[in-house]
Amino acid sequence: MRIQQLVPPLGSELADALQQIGIKTDTDLLLAHDPLTIFAKLPAGHGVTLQQFRDLLAQVLELAAAPSVYGDKLLEQEMKRQEDIYADDMLLGVPEVDALLGGFNPPRVIELSGDSGSGKTALALQVALRHLTRTANTSVLWIDSGGEFSPERVALLLEQLEGPSSATALERLQVSLAFDIEAAHEVLEAVRQALSAANDTEEPYDSAHASPVTRCIVIDNITSLLGPTLSATSSQGHAIMTTFMRQLRAFADSFSLTILVINTSTRVGPRNPHAMNTEAVFETGRKPGLGPSFTFMTDATLWLARRSRDEREGEADSTMHTAEVFRSRLTRSKTWAQFKIRNGLLVSA
């Protein structure tokens, strides 16, 4: 940190004198040279005694050091936080689909991909709302990159989900618009600061009286944020994508979050309409968007598909879908399950 930015600040005359001899940061002052050597190089007439200079070094050292905390208190806070996290109900509520990844408990970054109408947003919304209706002091952040978030859809789904905390579920669902990657960074940074402030408090953690803590983040959809930066003639877009996904991974690990990123689909072979996806259990000519490397930037890729009309069975007011694990670090890949969507609610097939 630059010496002039220290809080509380040093005297302006002394800070100017240090800059004249090349001491501009706290690292320069503490580590670059022996303190007596630095004091001897100060210009004449600086008006600082050797004892005052030593007091200054002690002040800068205190400001530059990380705050101290007792290990037993850190352990107690972390154990309590983990207990509350594992008590969270981060499930879809469809046993066959939950079994594919062992639920959606944090810390995880999960990619939901598929064609339009395959149930990506419906699945993410049900995981989020079901969690909110069953857990009182948590919140969910929904980052909408296309301005397509539907409050009516949320209200309809909430009527079908029952839980002890249903009355306050909508108050704890936060929706933010982010039409480009810079706006998404700003939203996530605000959440990071809030979570960091909550973790840094010296008050004993009490889940019954604490403010709602973000436990899940949904990005719908990430293709709109990262797709415009990708180019076949430049690697800059890929670097932006890699950096952003690494930040999400670190975010999930640091604050024990479940992060669901919704990705659209594209043709397997743009110039060959008959090309098929060899990674899929069910025959399809589609694959997740954002290129082949994106799937390795998440913990798992869950591919959703709506079954064709002649394959569907059952009620006329429902549609049949499949969820398939393309790749996973958490469980086996190439596993799948069927489910139905009835009035916006995902249920067992």
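The values are calculated or read from the model by the stated rules, or taken from the named source; none is laboratory data. Computed from a prediction, not measured in an experiment: that's the story for all the values here. Methodologically, a virtual Cβ is constructed for each residue, glycine included, from the backbone with ideal geometry; neighbour enumeration extends over all protein chains shown.
Consider segment 259-280 and keep the residues that are over 21 Å from S224 (Cβ atoms) and of a type in the set (V, I, T). The one that is modelled with the highest pLDDT is V268.
Among the residues of segment 115-134, those that are outside any helix (DSSP H, G or I) and out of contact with any Ser or Thr (no Cβ under 6 Å at 6 or more places or on another chain) comprise S116, G117, S118, G119. Within segment 280-306, can you find the residues that are under 20 Å from M241 (Cβ atoms) and in a loop (DSSP other than H, G, I, E, B)? The answer is G289, L290, G291, P292, S293, T298, D299.
So that you can scan it fast, the table gives a plain yes or no per residue for (1) under 25 Å from F255 (Cβ atoms); (2) touching a strand residue (DSSP E or B) at 6+ places or on another chain (Cβ under 9 Å); (3) in the same structural domain as I259 (by TED's automatic domain parsing); (4) modelled with pLDDT of 85 or more:
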{"site": "L56", "(1), (2), (3), (4)": "no, no, no, no"}
{"site": "I85", "(1), (2), (3), (4)": "yes, yes, yes, no"}
{"site": "D88", "(1), (2), (3), (4)": "yes, yes, yes, no"}
{"site": "V97", "(1), (2), (3), (4)": "no, yes, yes, yes"}
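Selection of segment 25-42 for residues being surrounded by fewer than 17 Cβ atoms within 10 Å (Cβ to Cβ) and at pLDDT below 80 yields only A32.
Residue count for segment 171-191 satisfying the condition of being more than 18 Å from A252 (Cβ to Cβ), in a helix (DSSP H, G or I) and out of contact with any helix residue (DSSP H, G or I) (no Cβ under 7 Å at 6 or more places or on another chain): 4. For the subset of segment 238-263 comprising residues that are over 10 Å from the mean Cα position of the chain (by Cα) and not hydrophobic (A, V, I, L, M, F, W, C), which member is surrounded by the most Cβ atoms within 10 Å (Cβ to Cβ)? Going through the qualifying residues, I end up with N263.
Yes or no, residue by residue, for (1) out of contact with any helix residue (DSSP H, G or I) (no Cβ under 7 Å at 6 or more places or on another chain); (2) free of Cβ contacts under 8 Å to residues at least 24 places away in the same chain; (3) in a loop (DSSP other than H, G, I, E, B):
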position: H238; (1), (2), (3): yes, no, no
position: L260; (1), (2), (3): no, no, no
position: P273; (1), (2), (3): yes, yes, yes
position: M276; (1), (2), (3): yes, yes, yes
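Residues of segment 12-24 that are surrounded by 14 or more Cβ atoms within 10 Å (Cβ to Cβ) and touching a residue at least 24 places away in the same chain (Cβ under 8 Å): L14, A17, L18. The number of residues in segment 224-233 being of a type outside the set (A, V, I, L, M) and more than 17 Å from H185 (Cβ to Cβ) comes to 2. When we screen S145, S116 for residues that are among the hydroxyl-bearing types (S, T, Y) and over 17 Å from the mean Cα position of the chain (by Cα), the only hit is S116.
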